[in-house]
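Just below is one structure, and these are the notes that go with it.
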Amino acid sequence: MSIVKDLNLAPSGEMKIKWVENHMPVLRSISEVFEKEKPFAGLKIALSVHLEAKTAYLCRTMEKGGAEMYVTGSNPLSTQDDVAAALAAGGMNTFAIHGCTDQEYEDCLREVLKPGPNIIIDDGGDLVHLIHTEFRDLIPEIIGGCEETTTGVHRLRMMDKTGTLEFPMILVNDADCKHLFDNRYGTGQSVWDGINRTTNLIVAGKSVVVSGYGWCGKGVSLRAKGLGAKVIVTETDPVRALEAVMDGYEVMPMEQAAAMGDVFVTVTGCAGIIRREHFPLMKDGAILTNAGHFDVEVDMVGLREMAEDCYEARHNINAYVMPSGKTLYVIAEGRLVNIAAGDGHPAEIMDMSFAIQALSAEYLVRHRNEGLKGLISVPKETDERVARMKLASMNVEIDSLSDYQAKYIGK
């Protein structure tokens with residue numbers, strides 16, 4: 001059973017999946033091993049990740065490993081209908097439609113949980129939240145899960161701190177082969193892919209305000225600088241703010257930056273970053289975007305209430321006319337700009353992230369009888385395995401420690 005927009009879109013989706021398969025050599029190698037070893041035989045996996053071609057290839061990799069897959073997206077605007085159709089046409093249980101309402105989105109999440117999954121692959125924490133609130137009866141059969149993104153890790157840490165997390169979760173986002181590359185290079189490129197293709201405006205010469213200087217913010221800032229922008233960073237963490245200063249950016253509070261920015265990119269994983277008091281300070285024509293997981297970083301409710309008029313200025317860009325007569329533009333309704341207005345991270349980057357996902361899920365199964373609980377870091381050997389596989393696919397060789405060197409540093 002599946003719920004998708006139109007199965008006739010499947011050929012287009014298949015083309016996209018084949019393209020990324022050809023550019024994801026690490027996951028392709030893992031898929032070949034899974035097909036032989038069947039580590040997930042007899043198990044059900046519920047997955048909620050932005051449903052586009054790279055995610056589809058991860059789903060098929062897990063399916064080749066013997067898993068019965070139940071798949072949905074992790075954002076109402078990030079699903080690509082042709083990709084969802086391709087999965088459904090191939091027999092995978094798929095519940096996702098681009099542009100669905102919040103209620104329809106939540107219903108799709110519930111659909112992937114109803115069969116009673118054994119493994120959870122989450123992106124942002126919505127599946128884990130639903131299990132702990134509405135589907136608690138499923139908990140005894142859950143071996144564990146994997147969390148893909150920073151926002152989801154924040155939610156898990158809060159649950160772990162309060163002692164409410166009922167099954168082990170691997171923090172995939174914290175793996176070096178995930179956040180060092182996916183968050184920095186993936187977000188850095190895909191955010192500007194989304195902004196540029198949607199606006200068709202130049203970046204050079206503009207002032208770009210980046211809110212948050214974690215790995216994602218570092219990537220967004222670096223690419224903005226490379227495109228010729230003047231970059232301003234807003235932060236609450238003094239260490240990250242100091243990093244931004246030493247990386248050559250201006251750092252200031254949002255109250256000051258609001259009047260200076262031509263383009264705003266929030267990427268904090270927190271809420272209420274650009275608020276009601278900031279909108280009147282902004283330039284006429286300022287463009288607001290969000291690259292955090294949830295649409296809470298730009299106060300869209302406040303902006304709608306303050307605006308005297310709202311209209312579609314261009315596909316996926318809404319214009320808000322303020323009482324002063326200034327017009328502010330918002331891309332993708334304040335949702336995740338790199339996937340709601342683009343194709344997400346490059347395939348070569350997601351090759352590593354989804355390799356970590358696949359191997360982490362396998363780790364949970366292989367160690368299921370060892371009393372795993374709480375939050376689990378991705379094993380160092382998994383990180384190194386993925387890195388070596390990626391280097392090999394790029395025809396890059398590195399040195400090895402001699403016995404003398406290993407002894408010298410205590411290895």
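The values are calculated or read from the model by the stated rules, or taken from the named source; none is laboratory data. Please read these numbers as outputs of a predicted model, since none were measured by experiment. In this analysis, Cβ positions are derived from the backbone assuming ideal geometry, glycine residues included, and neighbour counts consider all displayed protein chains. Accessible surface is based on the protein model in full, side chains and every heavy atom, while ligands, DNA and RNA are left aside. Shrake-Rupley method; radii C 1.70, N 1.55, O 1.52, S 1.80 Å.
Residue-level check: of (1) over 26 Å from the mean Cα position of the chain (by Cα); (2) farther than 23 Å from residue 101 by Cβ; (3) part of a strand (DSSP E or B), residue 329 misses just (1).
Taking every residue in region 103-119 that is part of a helix (DSSP H, G or I) and pairing it with any residue that is among the small types (Gly, Ala, Ser), at least 6 positions away or on another chain, the pairs with Cβ-Cβ distances below 8 Å are 105/73; 108/73; 108/96; 109/48; 112/46; 112/48; 113/46.
Working only within region 367-411, note down all residues that are outside any helix (DSSP H, G or I), open to solvent by less than 80 Å² (accessible area, probe 1.4 Å) and either closer than 30 Å to residue 164 by Cβ or in contact with a Lys or Arg (Cβ under 7 Å, 6 or more places away or on another chain) (or both). Before you say what the answer is, go through the steps one by one.
Within region 367-411, the first condition is being outside any helix (DSSP H, G or I), and the residues that meet it are 367-379, 394-402, 409-411.
Filter once more, keeping what is open to solvent by less than 80 Å² (accessible area, probe 1.4 Å): 367, 371-372, 374-376, 378-379, 396, 402, 410.
Passing the criteria: 367, 371, 372, 374, 375, 376, 378, 379.
Look at residue 406 and say whether it is among the hydrophobic types (A, V, I, L, M, F, W, C) and under 30 Å from residue 39 (Cα atoms). Give the derivation first.
Values: among the hydrophobic types (A, V, I, L, M, F, W, C): yes; under 30 Å from residue 39 (Cα atoms): no.
So residue 406 fails the test.
Could you pull out the residue among 286, 307, 271, 313 that is surrounded by fewer than 16 Cβ atoms within 10 Å (Cβ to Cβ) and closer than 12 Å to residue 327 by Cβ?
The unique qualifying residue is 313.
Going by what's in this entry, would residue 180 be described as touching a Phe, Trp or Tyr at 6+ places or on another chain (Cβ under 8 Å), over 27 Å from residue 272 (Cβ atoms), at pLDDT below 95 and not hydroxyl-bearing (Ser, Thr, Tyr)? When the stated conditions are applied, residue 180 passes them.
Between 197, 136, which is open to solvent by 60 Å² or more (accessible area, probe 1.4 Å) and either under 28 Å from residue 274 (Cα atoms) or touching a residue at least 40 places away in the same chain (Cβ under 8 Å) (or both)? Before you say what the answer is, go through the steps one by one.
On the way: 136 fails: either under 28 Å from residue 274 (Cα atoms) or touching a residue at least 40 places away in the same chain (Cβ under 8 Å) (or both).
After ruling out the rest, the residue left standing is 197.
The set of residues in region 1-59 that are under 24 Å from the mean Cα position of the chain (by Cα) and among the charged types (D, E, K, R) comprises 5, 14, 16, 18, 21, 28, 44, 52, 54.
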